[in-house]
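Below: the structure, in structure tokens.
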Amino acid sequence: MYPAAFCSATISGILLQNRLIRSATHESMAESSGAPSAAHEKLYTDLAKGGSGAIITGYAGVQQDGRTSFPGMLMMHNDTLIPAYRQLTDSVHRHGTPIILQLAHCGRQTRSAVTGMKTVAPSALKDLIFNEERPQELDEQGIEAIIRSFVSAAGRARKAGFDGVQIHMSHGYLLAEFLSGYTNRRRDRWGGSTENKFRIVSEIFRRIKEEQGSFPVLAKINGFDHRRGGMRADEAVEIARLLESSGCSAIEVSSGTVEEGLSIMRGPRFPSEALLACNFRFKSMPVPLKQVTAPLLRLAMPSPKPYRNYNLETAKAIKKAVSIPVIAVGGIHTLEDISAAIESGSADFVSMSRPFVIERDIVRKLQTGKQNASRCIMCNYCAIMIEGGPLRCWYGKLPARQALPRA
Ligand SMILES: Cc1cc2nc3c(=O)[nH]c(=O)nc-3n(C[C@H](O)[C@H](O)[C@H](O)COP(=O)(O)O)c2cc1C
């Protein structure tokens with residue numbers, strides 16, 4: 001029987017040749033202006049040629065203070081960027097593949113040292129990892145500016161030929177910070193009840209709809225995190241319902257925050273060697289100290305279990321509650337798991353990130369029977385090493401000049 005994963009389907013009129021989507025993956029490849037580079041064009045056309053049903057770009061910043069701390073972030077904060085994106089979408093469309101721009105503001109999960117601006121958040125609470133400074137609590141004016149930035153960026157994305165945008169409201173970035181009671185302690189109309197915490201998202205959707213009509217707007221949400229007072233499945237289901245009534249085109253279900261360590265992208269072993277090689281906090285440490293620190297990091301930051309299909313249960317609960325398409329992401333790396341997710345009705349689509357880092361043509365390989373699983377070993381070096389340079393697969397090993405000598 002032909003697996004349902006390879007049947008075409010639509011999201012708000014966008015035609016996907018199959019149900020396998022490239023999930024947003026920051027590539028550290030953008031020009032300093034925030035424009036996509038030639039490396040982006042090569043990557044995205046490779047993904048299109050490799051059979052990906054749709055491509056969601058790495059996160060693109062909507063304003064300067066919301067840039068990631070990693071280098072080479074895509075930006076969509078001004079009109080001068082539109083022609084470069086147009087060239088990119090034209091190249092991808094030549095292969096019949098839709099491309100969606102993910103829009104984000106990093107909130108407190110970034111560094112002033114990189115953005116050149118004060119970090120901002122719904123409440124002035126320090127992040128455990130980005131703890132160099134206390135973020136500034138956003139006032140009404142700041143919130144309004146951020147809403148406008150998301151709305152303008154969506155308009156630019158449409159002009160640049162994207163098939164839609166995805167609003168990033170997961171993983172502890174700014175909109176996730178508003179949605180989670182762990183990071184949002186406000187007592188005004190932007191905090192407290194789920195409706196209040198959702199207000200900023202609802203405004204973004206309302207105004208994009210007002211200005212861009214039927215242009216598809218997707219969302220990536222957290223089904224849960226591991227923070228005290230944070231996101232739980234029942235509230236995520238309520239948020240999914242609110243998204244549907246806001247005109248959202250599809251919901252991608254993820255989990256976790258950067259603060260938790262590797263819970264967004266899980267794996268059996270914390271990549272301490274990679275962190276010590278390129279993270280701003282550790283890279284200049286003397287080697288003997290790194291050798292002592294490596295095992296401690298592994299102990300301090302274990303990835304939660306299971307490593308496979310970890311968002312599927314929440315995706316299923318959300319799918320029961322809404323009638324718009326649901327996309328499940330997170331450790332769904334084998335054809336068996338992909339097919340089970342779709343055929344059991346837990347999700348309409350499956351998205352993947354790391355499998356596309358190691359094999360840009362993974363979908364074609366699964367579809368033609370060349371492979372029945374990704375070759376990704378979940379070492380997560382890719383997720384750490386983007387702090388030092390462009391995205392690539394390291395397959396759990398650094399070259400000798402970067403590797404940590406044995407103690
Ligand atoms: C190198 C890397 C960069 C990522 N960048 C983003 C991003 O820009 N936006 C986003 O929503 N998720 C990002 N993610 C998370 C993935 O989209 C995905 O949710 C997560 O890796 C779990 O899926 P997987 O098991 O298929 O890798 C990134 C993951 C990796 C490994």
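State yes or no: is residue 249 under 29 Å from residue 405 (Cα atoms), among the hydroxyl-bearing types (Ser, Thr, Tyr), part of a loop (DSSP other than H, G, I, E, B) and touching a residue at least 24 places away in the same chain (Cβ under 8 Å)? I'd like the intermediate steps shown before the answer.
On the way: under 29 Å from residue 405 (Cα atoms): no; among the hydroxyl-bearing types (Ser, Thr, Tyr): yes; part of a loop (DSSP other than H, G, I, E, B): yes; touching a residue at least 24 places away in the same chain (Cβ under 8 Å): yes.
No; evaluated as a whole, the condition is false for this residue.
Suppose the filter is surrounded by fewer than 24 Cβ atoms within 10 Å (Cβ to Cβ) and touching a Phe, Trp or Tyr at 6+ places or on another chain (Cβ under 9 Å); does residue 213 pass it?
Details: surrounded by fewer than 24 Cβ atoms within 10 Å (Cβ to Cβ): yes; touching a Phe, Trp or Tyr at 6+ places or on another chain (Cβ under 9 Å): no.
Against the criterion (surrounded by fewer than 24 Cβ atoms within 10 Å (Cβ to Cβ) and touching a Phe, Trp or Tyr at 6+ places or on another chain (Cβ under 9 Å)), residue 213 does not qualify.
Can we say residue 182 is buried (at least 18 other Cβ atoms within 10 Å of the Cβ), within 17 Å of the chain's Cα centre (by Cα), hydroxyl-bearing (Ser, Thr, Tyr) and in the same structural domain as residue 153 (by TED's automatic domain parsing)?
On the way: buried (at least 18 other Cβ atoms within 10 Å of the Cβ): yes; within 17 Å of the chain's Cα centre (by Cα): no; hydroxyl-bearing (Ser, Thr, Tyr): yes; in the same structural domain as residue 153 (by TED's automatic domain parsing): yes.
No: the conditions fail for residue 182.
Here is a list: 261, 230, 155. Which entry is surrounded by fewer than 24 Cβ atoms within 10 Å (Cβ to Cβ) and modelled with pLDDT under 95?
The conditions single out 261.
Which residue out of 252, 259, 313 is more than 25 Å from residue 341 (Cβ to Cβ), among the acidic types (Asp, Glu) and within 16 Å of the ligand (Cβ to nearest atom)?
Just one listed residue meets the conditions, 259.
Table: residues versus (1) within 20 Å of residue 353 (Cα to Cα); (2) at pLDDT 95 or above; (3) away from the ligand (no atom under 14 Å from the Cβ).
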| site | (1), (2), (3) |
| --- | --- |
| 34 | no, yes, no |
| 38 | no, yes, yes |
| 43 | yes, yes, no |
| 47 | yes, yes, no |
| 56 | yes, yes, no |
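Residue check: is residue 225 in the same structural domain as residue 209 (by TED's automatic domain parsing), surrounded by fewer than 18 Cβ atoms within 10 Å (Cβ to Cβ) and modelled with pLDDT of 95 or more? Spell out how you get there, then give the answer.
Values: in the same structural domain as residue 209 (by TED's automatic domain parsing): yes; surrounded by fewer than 18 Cβ atoms within 10 Å (Cβ to Cβ): no; modelled with pLDDT of 95 or more: yes.
When the stated conditions are applied, residue 225 does not pass them.
Taking the stretch 185-198, which residues are out of contact with any Gly (no Cβ under 9 Å at 6 or more places or on another chain), buried (at least 19 other Cβ atoms within 10 Å of the Cβ) and not in a loop (DSSP other than H, G, I, E, B)?
198
Only one residue in 114, 165 is over 30 Å from residue 20 (Cβ atoms), within 16 Å of the ligand (Cβ to nearest atom) and out of contact with any Gly (no Cβ under 8 Å at 6 or more places or on another chain). Which one?
Numbers: 165 fails: over 30 Å from residue 20 (Cβ atoms).
On inspection, the qualifying residue turns out to be 114.
Sort out which residues of the stretch 358-377 are surrounded by 21 or more Cβ atoms within 10 Å (Cβ to Cβ) and within 19 Å of residue 261 (Cβ to Cβ), and write them in order of number. It would help to see each step written out before you state the result.
Of the residues in the stretch 358-377, the ones surrounded by 21 or more Cβ atoms within 10 Å (Cβ to Cβ) are 360, 362-363, 366, 374, 376.
The answer is 376, and nothing else.
How many residues are under 24 Å from residue 200 (Cβ atoms) and either in contact (Cβ under 8 Å) with a residue 60 or more places away in the chain or touching a Pro at 6+ places or on another chain (Cβ under 8 Å) (or both) when one looks only at the stretch 86-113? Talk me through it step by step, then tell me what you get.
Let us first name the residues in the stretch 86-113 that are under 24 Å from residue 200 (Cβ atoms), namely 100-112.
Now narrow it down to the ones that are either in contact (Cβ under 8 Å) with a residue 60 or more places away in the chain or touching a Pro at 6+ places or on another chain (Cβ under 8 Å) (or both): 100-109, 111.
Final tally of qualifying residues: 11.
Evaluate the stretch 384-402: report whether one residue or more is within 29 Å of residue 313 (Cα to Cα), crowded, with 20+ Cβ neighbours inside 10 Å and within 12 Å of the ligand (Cβ to nearest atom).
Yes, that holds for at least one residue.
Table: residues versus (1) aliphatic (A, V, I, L, M); (2) closer than 17 Å to residue 391 by Cβ.
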{"residue": "46", "(1), (2)": "no, yes"}
{"residue": "51", "(1), (2)": "no, no"}
{"residue": "56", "(1), (2)": "yes, yes"}
{"residue": "60", "(1), (2)": "yes, yes"}
{"residue": "74", "(1), (2)": "yes, yes"}
{"residue": "82", "(1), (2)": "yes, no"}
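The values are calculated or read from the model by the stated rules, or taken from the named source; none is laboratory data. Quick caveat, the model's predicted, so the values are computed rather than measured. In this analysis, Cβ positions are derived from the backbone assuming ideal geometry, glycine residues included, and neighbour counts consider all displayed protein chains.
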